[in-house]
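Q: Questions regarding the structure given below will be posed in turn.
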């Protein structure tokens, strides 16, 4: 086409396209479905929807400019289950079994000996030291590429010992819908996990639609190396950063460099992240998830041995944060489960 | 409007809009201007344009899926000048002067005494220790919010001692155009700086269009604190991470979690970042900038005291990386300067 014709087409096309877009926009609300169908109509759902509505209403008091729409989610217990132990530890235990044939000395050494006999309770009786040894034996001394490959192989096939579900099918359906609803409204959704950043990244995009650059987590140190001229990053058996409690705001600040306007957690390890989010100017959304559904998931929100949720719950009550009851608020828990209306 | 009418409008509107968009797309190349007008037509410009063209040509051998379009840029000497010393150190020196009235003891203590007398050479004679003390005295012991405020106040008004320009006006015009061209083609542009992550973030969005979450840099440790109930992050006088040399691929991996497809640097400190980028599968763009323009900027690419550019240049020659000569390839250096065609 000639330049003049192109300019004409361009001008006319733009004008017509704008008219059509306006017509489409006017139609949208009439056909809009419930964006959170797996949540029952309780106060929690209303406060989430109202926050998002206000954040996207230009000129309104709760408006959040698009570049400030940062929402952060804890992972274990907030986006997926975490019983009987957090799933990264289940991965480590499965890895110990997979690697055992090449490591005969493990048969005589704790916590490996107990893990290989299937005695999780005895293996973990060694506390943090036992957990640390299990993690380091399976998470370090390999390249970042090897680690990613192992996590991907595991997550594709491993199944939870009591539900028989794949771990990726133990994510919370109401949270998947919430992530999608936030993104549809211009929010960037981040995971801010106490778990390992590279463990979560290996599957977060496929499962949650959250790309690697939007995952913040704990990490081991890494070292750049040239092996036969090929550059590699080697995972070292040293903790670099613990992204938990007061570490969460530090991790958020380091990775994102902006204060979130919405934060979602389920334990005292998320308290500081919620405080940091709440302390920003303007309207904020702070949500705590309570695990109180023994029938469909686990009820451990009052069990201080497995879930530290005391300080955060007190602060939620004082400050008016939103508390989600999985038993009451969730029409479903896991994807594909039967829908249940509010009790 | 009724639902049925809306559905009809929606279907028709979409169809017409698609036709118009196709017409617009066909027109675009005819009116396309040179996206890099401040670069002279040499091999460097051709290789950059050809890479971007290939990366966005679906089905072609150099196609890069949109989510993989990650381009990383060193900052000091690559996106802006770095003489007589890198500008973050100029900030620290200006801060020493600003803070001096409250710190009478600095008059008797090096490097502060020399800095306050304006004797930069003597102050820096103390080497890394002197630089470290200058940085820690001005960069730590304050909150992240205070630090950001100080950097912003400085960058808004401070001027370079020899050019008289504001530091933000000593960014490289050809690089601003390149950043815009990459972003227009779906690339995410990141800064990967040896400088402080929070120093760069305070102005990177305004100056380069690069948001805080796309800045990777060196950092000090930080601590979460509640002061009178208000959550704060305090910058501690301890190095947390040095994002230089082998640290750059580590920083890239930690922040982005993807291997870049394009990398731009100007010194041996960028070599590992270029190696890491080059070692990925498929076509890559690796660019080294040479400071060889004494008339318009500085010529120090062969001066090993101020610019370590030996190994990276050798590797560029071996591997066919693109080398940009500022004297030859830049039609302009700083924004607003007179355009000069190739010598």
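Any read-out appearing in this document is the output of simple, stated calculations on the displayed coordinates, not a laboratory observation. Just so it is clear, the model here is predicted, and its values are computed rather than measured. Here the Cβ is made from the backbone with ideal geometry for all residues, glycine too, and neighbour counts use every protein chain on show.
Q: Along the Cα→Cβ direction, 7 angstrom out, place labels at residue A:166 and residue B:57. What is the inter-label distance in nm?
A: My value for the distance between the label points is 3.7 nm.
Q: Quick one: of the DSSP bridges fully inside chain B, what percent are antiparallel, nearest 5?
A: Here the antiparallel bridges make up roughly 40 percent for chain B.
Q: Please give the contour-minus-distance gain from residue B:42 to residue B:239: 0.36 nm per residue of separation, less the Cα-Cα distance, rounded to one decimal in nm.
A: My answer for the length gained is 66.7 nm.
Q: When each copy gets a label point 7 Å from Cα toward the beta-carbon at residue B:281, what are the spacings between them in nm, shortest first?
A: 4.8
Q: Using the 7 Å Cα-to-Cβ label point, sort the distances from residue B:59 to its equivalents in the other copies shortest first and give them in nm to one decimal.
A: Output for residue B:59: 4.6 nm, nearest copy listed first.
Q: So in segment B:145-274, what percent of DSSP beta bridges are antiparallel if you round to the nearest 5?
A: Here the share of antiparallel DSSP bridges comes out near 75 percent.
Q: Is it possible to state the helix-based mean residue ellipticity at 222 nm for the protein assembly as shown, with each DSSP H run of 4+ residues giving -39500 (n - 2.57), the sum divided by total residues, to the nearest 500 deg cm²/dmol? What is it?
A: The per-residue figure over the protein assembly as shown is -13000 deg cm²/dmol.
Q: Let me ask something else. Can you list the copy-to-copy distances for residue B:46, using a point 7 angstrom from Cα toward Cβ, in nanometres, shortest first?
A: Nearest to farthest, the other copies are at 6.9 nm.
Q: On C-alpha positions alone, give me the angle between the axis of helix A:43-55 and the longest principal axis of chain A, in degrees, nearest 10.
A: The angle comes out at about 60 degrees.
Q: With viscosity set to 0.692 mPa s and temperature to 37 °C, compute the Stokes-Einstein D of chain A, Rh being the Kirkwood radius across alpha carbon pairs; µm²/s, no decimals.
A: For the chosen part, D equals 148 µm²/s.
Q: Moving to a separate point now. Listing A:304, B:81 from the residue with the fewest other Cβ atoms within 10 Å to the one with the most, what is the order? Write down the numbers at each step before the final one.
A: On the way: A:304 11, B:81 21.
In increasing order of surrounding Cβ atoms, one gets A:304, B:81.
Q: Shifting gears a bit: List, largest first, the extents of the alpha carbons of segment A:33-140 along their principal axes, each in whole Å.
A: Sorted largest first, the three principal extents are 67, 30, 24 Å.
Q: For chain B, take the longest principal axis of its alpha carbons; what is the angle in degrees between that and the long axis of helix B:144-157, to the nearest 10 within 0 to 90?
A: Once rounded, the angle reads 80 degrees.
Q: What distance in nm separates the two pseudo spin-label positions at residue A:183 and residue B:176, each 7 Å out from Cα along the beta-carbon direction?
A: A separation of 3.5 nm, rounded to one decimal place.
Q: May I pose another question? Quick check: from the Cα gyration tensor, does the protein assembly as shown come out rounded (a/c under 1.5), prolate or oblate?
A: Oblate, because a/c is 1.5 or more while a/b does not exceed b/c.
Q: OK, next. Roughly what angle does helix A:3-31 make with the longest principal axis of chain A, taking Cα atoms, 0 to 90 degrees, to the nearest 10?
A: Helix A:3-31 sits roughly 70 degrees off the main axis of chain A.
Q: Using a 10 Å cut-off around each Cβ, can you sort A:168, A:323, A:192, B:200 from fewest to most neighbouring Cβ atoms?
A: A:168, A:323, B:200, A:192
Q: Give me the inter-chain shielding for B:248-258: mean count of other chain Cβ atoms within 10 Å, whole number please. Walk me through the numbers before you get to the answer.
A: Numbers: counts 1, 8, 9, 1, 1, 9, 12, 7, 4, 14, 4.
Going residue by residue through B:248-258 and averaging, the value is 6.
Q: For a footprinting-style exposure proxy, rank A:252, B:256 by other Cβ within 10 Å, fewest first. Could the numbers behind the result be given before it?
A: Working: A:252 25, B:256 21.
Fewest-to-most ranking of A:252, B:256: B:256, A:252.
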